[in-house]
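The values are calculated or read from the model by the stated rules, or taken from the named source; none is laboratory data. Since the structure is predicted, the reported quantities are computational estimates derived from the model, not experimental observations. Cβ sites come from the backbone with ideal geometry, for glycine too, and all protein chains shown count toward neighbours. Side chains included, ligands, DNA and RNA excluded: accessible areas come from the protein's heavy atoms. Shrake-Rupley method; radii C 1.70, N 1.55, O 1.52, S 1.80 Å.
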Amino acid sequence: MDLMELLLTRRSVRKYTGERIDSQKLDLILKAGLSAASGRNRKPWELVVVSDREVLERLSHCRDGAARMLKDAGCAVLVFADMDRTDVWTEDCSIVMSNMHLMAASLGLGSCWIQGRLRMAESGETTDAFCRRLLSVPEGFALEAILSLGVPAEFPAPHAMDGLPVDKIHRESW
Ligand SMILES: Cc1cc2nc3c(=O)[nH]c(=O)nc-3n(C[C@H](O)[C@H](O)[C@H](O)COP(=O)(O)O)c2cc1C
C-alpha cells in the first residue's frame with residue numbers, strides 16, 4: 001500500500017472483536033510512535049500500554065461516553081508528556097498518536113484517537129487526573145490522548161480522493 005492509499009484507508013474504528021493484539025504488531029505500532037519527530041528532538045512523551053481487560057473497562061469511563069470502545073479493545077496506548085521538557089508537548093504527542101494510528105491501519109488493526117487533554121471523565125474529574133490516578137503516573141506528566149486498538153469488527157469505507165475538502169487550500173494568499 002502506498003502512503004496516499006494508507007492515508008485514505010485510515011479511519012477511526014470504534015468496534016472491536018475483543019481479541020488480543022498480536023504482540024509483534026503491537027511492537028511495531030509502539031515503535032512507529034517512538035519514531036515521531038519532536039520539537040528540538042526533546043521526545044517528551046511516555047507511553048503506557050494497557051491490555052488488562054479489567055483496567056480497560058475502568059478506562060472506558062475516562063470520558064463521558066467518548067471512550068466506550070475501550071471495553072472491547074485489545075489494548076490501549078496512553079500518551080503522556082513531561083511538560084517541563086518542552087513547550088510543544090501537545091504537538092509532539094499528537095505526532096506520536098498519528099504515527100501509531102496509521103501504523104495500526106497499515107497492519108489491518110482498528111484504532112481510534114480518544115482525546116485526553118481538556119476533557120472530563122464520567123467521575124467529574126478531568127480525564128487527565130482520572131488516568132493518572134488509575135495508572136500511577138508521576139507528577140509533572142500530562143495526558144495528551146489515548147489510542148484504542150483492536151481487531152476490527154466494523155470496516156468504515158476509505159476516504160475518497162475526490163471527496164477531500166480541496167477548497168481549504170489557499171494558494172499564494174487566502
Ligand atoms: C484530536 C482528536 C480528538 C479525537 N477525539 C475523539 C474521541 O474522544 N472519541 C472518539 O470516538 N473519536 C475521537 N476522534 C476521532 C474523530 O472523531 C475522527 O477522526 C473524525 O470523526 C474523522 O473520522 P475518521 O478518523 O474516520 O476519518 C478524535 C480525533 C482527533 C484527531
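Of everything in segment 76-88, what is in contact with a Ser or Thr (Cβ under 9 Å, 6 or more places away or on another chain) and crowded, with 22+ Cβ neighbours inside 10 Å? Give them in sequence order.
Correct list: 76, 77, 79, 81.
For residue 111, indicate whether it is over 18 Å from residue 130 (Cα atoms), within 13 Å of the ligand (Cβ to nearest atom), within 9 Å of the chain's Cα centre (by Cα) and part of a helix (DSSP H, G or I). Working first, answer last.
Values: over 18 Å from residue 130 (Cα atoms): yes; within 13 Å of the ligand (Cβ to nearest atom): yes; within 9 Å of the chain's Cα centre (by Cα): yes; part of a helix (DSSP H, G or I): no.
No; evaluated as a whole, the condition is false for this residue.
From the list 56, 47, 30, exactly one residue is modelled with pLDDT of 95 or more, among the hydrophobic types (A, V, I, L, M, F, W, C) and either open to solvent by less than 30 Å² (accessible area, probe 1.4 Å) or within 16 Å of the ligand (Cβ to nearest atom) (or both). Which is it? First the steps, then the outcome.
Numbers: 47 fails: either open to solvent by less than 30 Å² (accessible area, probe 1.4 Å) or within 16 Å of the ligand (Cβ to nearest atom) (or both); 30 fails: either open to solvent by less than 30 Å² (accessible area, probe 1.4 Å) or within 16 Å of the ligand (Cβ to nearest atom) (or both).
One residue alone meets the criteria, 56.
Name the pairs: first residue in segment 6-18 and over 14 Å from residue 69 (Cα atoms) and open to solvent by 40 Å² or more (accessible area, probe 1.4 Å), second residue more than 13 Å from the ligand (Cβ to nearest atom) and modelled with pLDDT under 95, Cβ to Cβ under 9 Å, at least 6 apart or on different chains?
The qualifying pairs are 9/1.
Please go through segment 151-174 and give me each residue that is under 17 Å from the mean Cα position of the chain (by Cα) and within 13 Å of the ligand (Cβ to nearest atom), ordered by number.
Within segment 151-174, 152 is the sole residue that qualifies.
Pull up segment 130-174, narrow it to residues that are closer than 22 Å to residue 45 by Cα and polar (S, T, N, Q), then point me to the one that is surrounded by the fewest Cβ atoms within 10 Å (Cβ to Cβ). Working first, answer last.
So in segment 130-174, the residues closer than 22 Å to residue 45 by Cα come out as 130-149.
Of the ones still in play, those that are also polar (S, T, N, Q) are 136, 148.
Numbers: 136: 7, 148: 28.
The residue in question is 136.
Quick check, is residue 93 more than 16 Å from the ligand (Cβ to nearest atom) and open to solvent by less than 10 Å² (accessible area, probe 1.4 Å)? Working first, answer last.
Details: more than 16 Å from the ligand (Cβ to nearest atom): no; open to solvent by less than 10 Å² (accessible area, probe 1.4 Å): yes.
Answer is no for this residue.
Does residue 102 meet the test of being touching a Lys or Arg at 6+ places or on another chain (Cβ under 7 Å), more than 13 Å from the ligand (Cβ to nearest atom) and either over 26 Å from residue 38 (Cβ atoms) or open to solvent by less than 50 Å² (accessible area, probe 1.4 Å) (or both)?
Values: touching a Lys or Arg at 6+ places or on another chain (Cβ under 7 Å): yes; more than 13 Å from the ligand (Cβ to nearest atom): no; either over 26 Å from residue 38 (Cβ atoms) or open to solvent by less than 50 Å² (accessible area, probe 1.4 Å) (or both): yes.
So residue 102 does not fit the description; no.
Name the residue that is farthest from the ligand (Cβ to nearest atom), counting only residues in segment 114-128 that are in contact with a Ser or Thr (Cβ under 9 Å, 6 or more places away or on another chain) and either open to solvent by less than 50 Å² (accessible area, probe 1.4 Å) or part of a helix (DSSP H, G or I) (or both).
Checked segment 114-128; the qualifying residue farthest from the ligand (Cβ to nearest atom) is 121.
Among 85, 63, which is part of a loop (DSSP other than H, G, I, E, B) and within 12 Å of the ligand (Cβ to nearest atom)?
Working: 85 fails: within 12 Å of the ligand (Cβ to nearest atom).
Checking each option against the conditions leaves just 63.
Kindly indicate whether residue 92 is assigned to a loop (DSSP other than H, G, I, E, B) and acidic (Asp, Glu).
Working: assigned to a loop (DSSP other than H, G, I, E, B): no; acidic (Asp, Glu): yes.
So residue 92 does not fit the description; no.
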